[in-house]
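K.L.:
Shown below is the structure under consideration.
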C-alpha cells in the first residue's frame, strides 16, 4: 500500500513539474510579441522605446535566464506582474478564481446531483417513455456547443421573457442580485455537466441493478425506490467521481464560452484575453492554477474513491 | 417633496457662499469680468429653464456686492433672481436619480486609468483632453479657448477656459495642464516622444495659459493633445507609478461628470454629475457605461430598453442588427461617414504587386457595388481612387472605382500578364502561373471569400490564408503576403502626416501599419505635410497626396462605410465627431429626455 | 466501472460444468462475446448513421445548388431556397449538405485517433504493471493537466491550417480520459478468471489482450467514442466562435459560428443557426444510439432461464 | 391442517422470443417447524421454485397454481404487501454470499437494515440485536465486524454474515439456496450446526435446496427429489435413504462416495427441451416402452409419492 502511494505521489509530482515548465514554454511558443500587444494598434512608437519596454518586462534576457527567474519567483510564491492588468497576478487570480469557483462549483454540484438522480431513474426503468425522453434530451444537450445553448437561454429567458438580467456577476453586491445574475449561466453549465453525468450513470445503473445484491435487497423486503437509492446508486455513482475529476479541466474551458456570452469576467475570459494579448505572467499563473486544481481534483477523486469503495483499500 | 426642497435650498446656499468666497479669492480676472457685465444691464438670467450655475452665482455675487459692500451697482431685482434660483433647484430635483445608460463592447479589463485602453477613452468624460475634433473633422479647443503657434512651430501656447473646476472644488489651473503633459511624457510609453522633444514648458495663472517649447518643429501637437486626459496635479503628483495605480473609487475630474465608481464585477462604469461644473447643466445625474463582451447580447439589451444607446470606439453598430432595431420603432439613427475604412493592401515590395499597371488592372476586377451591398448592407458607398473618405478635412474629389472585368483582363494583357498555356491562370512575365496569397484576419474572412471569387474570375489563383491577430502582424511585418484585407481606424488615418499616410510610409512601424511605400515622391509629400500648420499649405499638400493615391493605387479602398449609432427615440441632442463618435462633452451636456 | 461479471453469466458458468467460478470456459471467451454484442444493433441509430454517411458520399444528389453559388443575402426560407440564404447569399441547405462530409470527417477521424491512442495507452498501462504503467500514466496526467486552448493556437499557428491539422489537434487532445478509464478496467479484467487461465495456457500477452480484454472493453470504449465524436464536433464549432477555426473549411461548426457572428441570432434567423446545430446533434445521436444498442437487453427469456436454473 | 407453506400445481414459464415453461405442476407442503429439502442436479429448476415462492422472478415470468403461506395466497399479493413479508416472515439465503452482500456498505449497516425497515427500530437498539445475532453465529468479538466490509472477509465469513442477515428477524420460513456450495467440509459442518440451531431456537422451518445428499440427510425431515422441473419422489428422510424407490433417486444415492461413486449416465436435459413421456426415460436403466409414450403421475402410497410406472 505504501509503495503505491509513494509511486502515485512521485508520478503526480513529476507531471506537475513538467506542467510548470510547459506553462513557461507554451505562451512563448505562441506567435506574436507581448510588447507590441501592450502598445496597442494605432500608436506609433520608436524602436528605442520598444526595446526599453522589453527590458522593463525582462523579456530581453535569454530564455534560460528568464526560466530560472520564473522558477525562483515561483518558489517564493510570487507569480509576477500582469502586463495588461497592471497588478500582481496573484491578486488578479485570487479575485477572479473566487467568482469562477462559485459559478463553476455550484453548476458542477447541481449538475452532479441532477445527473445522478435522473440517471438513476433512467437506468432503473429504461423502458418507460420518460427515461427514453430523458436519455435523448440529455444526449441532445451533450452534443450542443456551449455557447449555442447559452445564447439560446439568454435569448429566451433574458430577452423575450425578461426574467433575468443580461450580464455581470451582480448589479449591487446583494445576494438577491448575485442569484438573479448567476441563475442563467449556472443553469446552462449545470445542464452540461448533468448531461455528461446522466449518460455515464444510466449505463452504470443498468449494469449494477443486475447484480445479486440488488436481488438480495429485494429479498430483504426493500421496495422499488429503496432498492435503487439505498443500494444501487452508491455503487453506480463510483465512475462519477473519476468523471468529475477528469472533467474539471473541461469545465473551466466550457465556462469560458458561458462567461463570454454572459459577460462575466471570471477565469475563462481572463485566460482568453491573456492569450490574445500574450500576457505571459497571467497565462503562466492561470495555467498553474488550473493544473493545480485538476491535480487536486484527481487526488481528491482517488482518495474519495478509496473512501467510498472499500474494495480498493485494505481493512483498517 | 417639500422637505426635500428645503434641504436642497440650504445645500445650494452653502455651495454658493463657498463659490463666492473662492471666486473672491481668485485674482482680478473673474472679478473684472463680473464688473464689466453688471454695470449697465441686469445679468443674463433668461433663456431656457436651465440656468447654468455660473450665471446664477454671478447674479447673486453682484447682488451681495451691491447690498453689503455698497458697490455702485444696480442690484438685480429679487424677483428674477429668486425665479432663476428656484427654477435651478426644481431642475436639480427633477433629474435626481436619472441615469443615462450606454452599452459598449469595449470592455474595461482593469481599473487603471493609465493602463487600460478602453478606460482611457471613457475617462474623456471626467478628464477631457485639451483639444477635440468638431463635427466636420476640424481640431478645436475643448478646455481651451484658443491656441497660438509661433517660432516655426516649436512654441505652442494654450489659453484655458476660465470657469473650469475640479470635482473636489479646486479651480483648474494651467499648472495642471503643464503637469499632465509632462506626466504623460514621463510615464506612458506611447507618449515618450514628449519626454524626448519637450525643451521647456511654463504656465501663467494670469492669462490662464500654458506654453510648451519643443526642440524641433511639430505641426500636429493640436491633434496629439486631443487624446491626453487633463489630470489634477494636486492628486496625481503623489502617484509615482500611474501604470500600476489601481483605483476603483472616484477620480477627480473637471468635465460635466466625474468618474465615481469602476465595478468590473458588475461590468459597468458610473459617472456622476460634477457639482462644480459651471457650464450648461447636464440633464442626467448619472451616466453608466455597461460592458457587454458579446455584440449580440449588447444589441438585445438595447432592444428591450435595458440601455439607452450603443457606443463602440472607431466602428459602427453592426449592420445586420440595424434592421432588427428598426422593427422596434423605438430608435433613431445617427449616421456619419466613417473616417476609417476597410481596404485591400498590396505588398509593393514583391512582384507582381509592385507593378503599377497590374494594380490598375486589378482595381477593375472587384465588384464594388456587391461589396457595399453585402458588407455594409447599404450603409456605405463605392469609394474613390483617392482612398481618403469625404469625412476628412480637405477632402479632394477623385475618380470613382469602377467594376469592369473585361477591362481588367484587357489591362492585364496589356501589362504583359496573359494565359499563354491556357490553364485558366494568367502567367507573369517569366511565364509561371500567378499564385497570390491573400492574408486575412478572422473578422474579414467573408470579404476574403468574395475577393478571391472576383480575382479568380479574371484568371488569378488566390490562396486565402486565415490567421489570428498576432500571426497577421508577424507575417505582415515580414512581407510574407501578396494581398491583405485590413482596416484603418479614424485615429490611424490622422497619424503621421494624416490622410492615411501613416499606413503606407515605409519609415514607420506599428501593429496596424503596412509600411510598404518607399516611393520618394510620396515620402517627400509626407514631409511637406508634417512641416506646416498653415491651413492653405495643408490643403494643397493634402490634395496632392490624394491625387498621388488615385494615380498609383498603393491600396484599394473596398468601400466607405457609415458609422451608424442608434439611440432611444425619447432622447434628443446627440452630437458626434469623427474621432470619438457620440462620446464627447457636447453630447453629455446637450442630451435630454424628450 | 462496469462490474467484471454479471450474475447470470457466472451463475450460468457454474451450472453447466460444475467447475468453480474461477475456471476458464471456452464457451464464454471474449471473441464470441464481441460477436454476440455486435448483432444487437439499435435500428434508429443505424438508420440515422447511414443517412448521414450517404449524405456525405453523394452531396450533389441532395443539394439544390452548389455551395459557392450566391443569391440575394438574408432571405427567409422560400421554395427556391428551402432554408433561405446566409449573409453573402449562399443557399443554406446546399451549404449544410456539403458540410456533412467535412464535419463527419472531423468528428469521427479525431474520435478514432483519440480512441486508438487512449485505448492502447490505457491497455498497456493496465496490463503491464510496473515502470511502463507509471511512465504512461505520468504522460497521461501531463496531457490531462495541459490547457487545451493555447495548444490549439500553437499547433494551428505553426502548421499550415488545414482540415487534417484540425483533426490531428482535436484527436491528440482528447484521449487522456479514455486512457484512464481503460486502464482501470484492464486492471480489473486482468484479475478475472479467463484471463489468468489464458495466461496459464500460455497465450501471448498480445493475443490475450486482443481476444479477451479488448472485446470486454467495448462497453467502455463505445460510449467514450460517442462522447469523443461529440466533443470533437463541438470543439470545432467553438473554436470558430473564438475566431480560431479555419473558415475555408465550410463545416457545420463554421456555419454555426458565421450564423452567430454575422447577425443570424439577432435577426432571429433560426433557419440559419438551428439546422447546423441540429445536424451536429443528430449525427452524434446516431453514434449514441449505436452505443446504446450494445447495452445488455433486459428481459430476454433465454437469459432468465440460464440465470435461475 | 394448517401447513405453513402449501404449494399446489405450481407452473412457471417465461415469455420472450420462444416462450418456455420450466416448472410443471409441482406441489408440496411444509408444516410449522418441519424441514423440507429440494434435491436435484444442476438445472432441474430448484432455485426457480425458491424464487417463485418469494416472487423474485423477473417480470417476464408466468406463474400459475397457488402458493399458500399461512393461508395467504402469495401469488395474489401486490409487490408492496410482498415486500412486507420478505425478510420478515419469509427469508432466503442466496448461494453466492460474497456477491449477495453489497460491497460498498458495512456489515453492521446491512445486517441492521431488515430491523430498520420492518420494525423501524432505532440505531442503537438495532446494533444491539446485530451484535447478538453475530455472537450467536459464533463470532468471537462481534464489534470488530460492524465496520467490516464484505470484500475484506473470506467466502465463509460472508456466508455467515448472509445467514445472520436473513435470520435476524427470525422468519417463520427460511429458504436456503445451496448453503453448502463451494465450502470445505469443516465449514459445511458449521453451516449445518447454525441452521440446526436456528431451527430449534427460532422454531423456523427450513426449505433447503441442495444437491449435496449427505448435508440434506442430517437436516431435513422430508425430501423431495426434483428432475427436469417436476417432483419425481417425495418421502420422509429416513424412509427415503433406507429405500429410494424412483430410479433417479437410486441413481443419486448410488453416486454418493460412500455408495461406490457410480455416476448416472448422460446429462440432465435443459429445462426448455424436456423429453416426451417420463422425463427420466433416456437415462433410466429400467426403461420400458411405456415410459417413452406416457407421462407417469405422482402416486402417493405408504408415506411416499413416486412418479414412475414401476411404483404402481
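The values are calculated or read from the model by the stated rules, or taken from the named source; none is laboratory data. All figures in this text were calculated on a predicted structure; none of them were measured in a lab. Cβ: placed from backbone, ideal geometry, glycine included. Neighbour counts: every protein chain shown.
K.L.:
It is to be established whether one or more residues within the range C:191-209 are within 14 Å of chain A (Cβ to nearest Cβ), surrounded by fewer than 18 Cβ atoms within 10 Å (Cβ to Cβ) and in a helix (DSSP H, G or I).
P.N.:
Yes, the range C:191-209 has at least one match.
K.L.:
Still on this structure, I have one more. Would you check which residues across the range C:235-260 are more than 8 Å from chain B (Cβ to nearest Cβ), modelled with pLDDT of 80 or more and more than 16 Å from residue C:103 (Cα to Cα) and list them?
P.N.:
Matches in the range C:235-260: C:259 only.
K.L.:
Still on this structure, please answer the following. If you take just the helices (runs of 4 or more DSSP H) that sit entirely in the range A:19-134, which of them hold at least 3 residues that are under 25 Å from residue B:471 (Cβ atoms)?
P.N.:
A:34-39, A:47-57, A:63-75
K.L.:
(1) modelled with pLDDT of 85 or more; (2) farther than 19 Å from residue D:219 by Cβ: which one isn't true of residue D:262, the others all being true?
P.N.:
(1)
K.L.:
Within the range B:459-504, how many residues turn out to be in a strand (DSSP E or B) and farther than 30 Å from residue B:133 by Cα?
P.N.:
Total satisfying the criteria: 9.
K.L.:
Report, by residue number, each residue of the range B:245-286 that is within 14 Å of another protein chain (Cβ to nearest Cβ) and in a loop (DSSP other than H, G, I, E, B).
P.N.:
Residues satisfying the conditions are B:245, B:246, B:247, B:248, B:264, B:265, B:266, B:267.
K.L.:
Applying the selection to the range B:473-494, what residues are farther than 21 Å from residue B:550 by Cβ, touching a helix residue (DSSP H, G or I) at 6+ places or on another chain (Cβ under 7 Å) and within 11 Å of chain A (Cβ to nearest Cβ)?
P.N.:
Within the range B:473-494, B:473 is the sole residue that qualifies.
K.L.:
Name every residue in the range A:67-83 that is touching a residue at least 40 places away in the same chain (Cβ under 8 Å) and under 12 Å from residue A:21 (Cα atoms), in order of residue number.
P.N.:
A:67, A:70, A:71, A:74
K.L.:
I'd like the full set of residues that are without any contact (Cβ under 8 Å) to a residue 60 or more places away in the chain, in contact with a strand residue (DSSP E or B) (Cβ under 9 Å, 6 or more places away or on another chain) and within 14 Å of another protein chain (Cβ to nearest Cβ), limited to the range B:185-228.
P.N.:
The answer is B:185, B:194, B:197, B:224.
K.L.:
Right, here's the next one. Which ones in the range D:160-180 are crowded, with 19+ Cβ neighbours inside 10 Å and out of contact with any strand residue (DSSP E or B) (no Cβ under 8 Å at 6 or more places or on another chain)?
P.N.:
Passing the criteria: D:160, D:161, D:164, D:165, D:168.
K.L.:
Okay, moving on. Failed condition for residue C:52, given (1) modelled with pLDDT under 85; (2) under 31 Å from the mean Cα position of the chain (by Cα), with all others met?
P.N.:
The failed condition is (1).
K.L.:
Let me ask you something else. Could you tell me which numbered condition residue B:240 fails, if it satisfies all but one of (1) closer than 23 Å to residue B:533 by Cα; (2) at pLDDT 85 or above; (3) part of a loop (DSSP other than H, G, I, E, B)?
P.N.:
(1)
K.L.:
Would a scan of the range A:47-70 turn up a residue that is at pLDDT below 90, under 30 Å from residue A:194 (Cβ atoms) and within 11 Å of another protein chain (Cβ to nearest Cβ)?
P.N.:
The answer is no, given that none of the residues of the range A:47-70 is at pLDDT below 90, under 30 Å from residue A:194 (Cβ atoms) and within 11 Å of another protein chain (Cβ to nearest Cβ).
K.L.:
Which one is surrounded by the fewest Cβ atoms within 10 Å (Cβ to Cβ), of the residues in the range A:215-241 that are more than 7 Å from every other protein chain (Cβ to nearest Cβ) and closer than 17 Å to residue A:309 by Cα?
P.N.:
Checked the range A:215-241; the qualifying residue surrounded by the fewest Cβ atoms within 10 Å (Cβ to Cβ) is A:229.
K.L.:
Only one residue in B:399, B:393 is exposed (fewer than 15 other Cβ atoms within 10 Å of the Cβ) and touching a residue at least 60 places away in the same chain (Cβ under 8 Å). Which one?
P.N.:
B:399
K.L.:
Out of B:373, B:406, which single residue is assigned to a helix (DSSP H, G or I), under 28 Å from residue B:494 (Cα atoms), without any contact (Cβ under 8 Å) to a residue 24 or more places away in the chain and out of contact with any strand residue (DSSP E or B) (no Cβ under 8 Å at 6 or more places or on another chain)?
P.N.:
B:373
K.L.:
Would you check if there is a residue in the range A:265-280 being more than 14 Å from chain D (Cβ to nearest Cβ) and more than 20 Å from residue A:89 (Cα to Cα)?
P.N.:
Among the residues of the range A:265-280, not one is more than 14 Å from chain D (Cβ to nearest Cβ) and more than 20 Å from residue A:89 (Cα to Cα), which makes the answer no.
K.L.:
Check the range A:216-237 and report whether any residue there is under 14 Å from the mean Cα position of the chain (by Cα) and outside any helix (DSSP H, G or I).
P.N.:
No, the range A:216-237 has no match at all.
K.L.:
So, one more: Hand me the list of helices (runs of 4 or more DSSP H) wholly inside the range D:83-154 holding 3 or more residues that are facing another protein chain (nearest Cβ under 8 Å).
P.N.:
Output list reads D:107-118.
K.L.:
Here is a follow-up. In the list D:25, D:60, which residue meets the criterion of being farther than 25 Å from residue D:162 by Cβ, more than 10 Å from chain C (Cβ to nearest Cβ) and over 16 Å from the mean Cα position of the chain (by Cα)?
P.N.:
D:25
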